[in-house]
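What follows is a set of notes on a single structure, which appears directly below.
Every number in this text was worked out from the coordinates using simple rules, so none of it is lab data. Predicted, not measured: the structure shown is a model, and the values here were computed from it. Here the Cβ is made from the backbone with ideal geometry for all residues, glycine too, and neighbour counts use every protein chain on show.
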2 protein chains.
Amino acid sequence: MATPVSFGMRDGLREHRRKLTRPRQAILDIIAAAEHHLTPAEIHKRARKKYPHLGLVTVYRTLDLLTELGYVRRVHFNDGCHSYVAAAQGHAHHLVCSNCGKAQEFENCDLEPLIANLQRKTGFEINVHMLELMGRCPDCSVTANAMAKKARR
Amino acid sequence: MATPVSFGMRDGLREHRRKLTRPRQAILDIIAAAEHHLTPAEIHKRARKKYPHLGLVTVYRTLDLLTELGYVRRVHFNDGCHSYVAAAQGHAHHLVCSNCGKAQEFENCDLEPLIANLQRKTGFEINVHMLELMGRCPDCSVTANAMAKKARR
DNA sequence: ATTATTGCAAAACGTTTGCAGGTTC
DNA sequence: GAACCTGCAAACGTTTTGCAATAAT
């Protein structure tokens, strides 16, 4: 399955001759441990608990760096864009809970037939795709059902 | 195929008892005629040629309105978010040229099997999905090939 | 010692809001 | 004439930049 992300990120930094600093460690820890997608502001707030001096600017710069190195992925939403999650290696997409925000990656998107079909029909040469699914995670789904039941009484 | 979008938008405004004003007409014309996805700023710039007094604020408000009524759709990107295109009725996704920005809609995304599969595996109750494909449109593809040929000489 | 990285303050964006005046129905 | 819409200016939140001080290699 997924490789331990935080180690991957740390090694990646070294390989790319970028320095592993205390602020970056704090940020890495937060992202690697997050069960959520997080906005830069959220990351900043959380990482400050471990490293109170941390500036928001550094969060932005670190996110850019990690995205570039492929250890973090940007997630888009219909309203406020731009949250980040630790990325599994290789091609992947996200499944996000619209209620609690929990995010989960999946890899086999199986869009090849659709893409092949569209390439034939439109003449486009398709090489990037963005797919995000949203809905209720098991926990929130249960809660919703329970509340519905309650309301029905 | 697609209904004539501009008429649809105009009628829609009337149906919803919203007024059809000159600024809105200018904006509608631009969006309906665009072969591109356009940012609010782009729309503003273009629509000003027809209606020089137009304020950017009005563009934002009109876009919100049209999105709400379903005549316009927001498109997301990896870098700068938030462009808009005229929307065909019903469920649809976009195919965007990464070179010139030309956008095209398609409807049959055929994600049902994937979604069913993921629901079974993860327990999520999936009800929204966002799919965007990017690549070179036929024109840009040709240009790229021609340039490559040239370079090889 | 060298070079990258940080944090601050301030600028630059994109977007939203309050409000007086103007337009459409 | 009532309700809606517009534009301005100004507020707002997010992201970026210049720069001197600091920390990692």
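Annotations for the structure displayed:
- Restricting segment B:32-130 to trypsin sites (Lys or Arg not before Pro) that sit in a DSSP loop and have at most 11 other Cβ atoms within 10 Å of their own Cβ leaves B:Lys49.
- Dipole magnitude of segment B:4-60 about its Cα centre (Cβ charges: Lys, Arg +1; Asp, Glu -1), debye to nearest 20: 320
- Pairs exceeding a 29 Å alpha-carbon distance, out of A:Lys45/B:Lys45; B:Lys50/B:Lys102; A:Lys45/A:Lys102; A:Lys121/B:Lys45; A:Lys19/A:Lys102: A:Lys45/B:Lys45; A:Lys121/B:Lys45; A:Lys19/A:Lys102.
- Distances between copies at B:Arg14, taken between label points 7 Å from Cα along the C-beta direction, are 7.1 nm in increasing order.
- In nm, spacing of pseudo-spin labels at A:Arg61 and A:Gln119 (7 Å Cα→C-beta vector): 4.1
- Here r is the Cβ-Cβ distance between B:Val128 and A:Asn127 and R0 is 30 Å; the resulting FRET efficiency, rounded to 0.05, is 0.75.
- The alpha-carbon positions of segment A:1-72 define a convex hull whose volume is 84 Å³ per residue.
- Full-extension gain in nm, B:Lys50 to B:Arg74, via 0.36 nm per residue minus C-alpha separation: 6.3 nm
- Remark: relative contact order (segment B:22-115) = 25 percent; criterion is Cα-Cα distance under 8 angstrom and separation of 6 or more residues.
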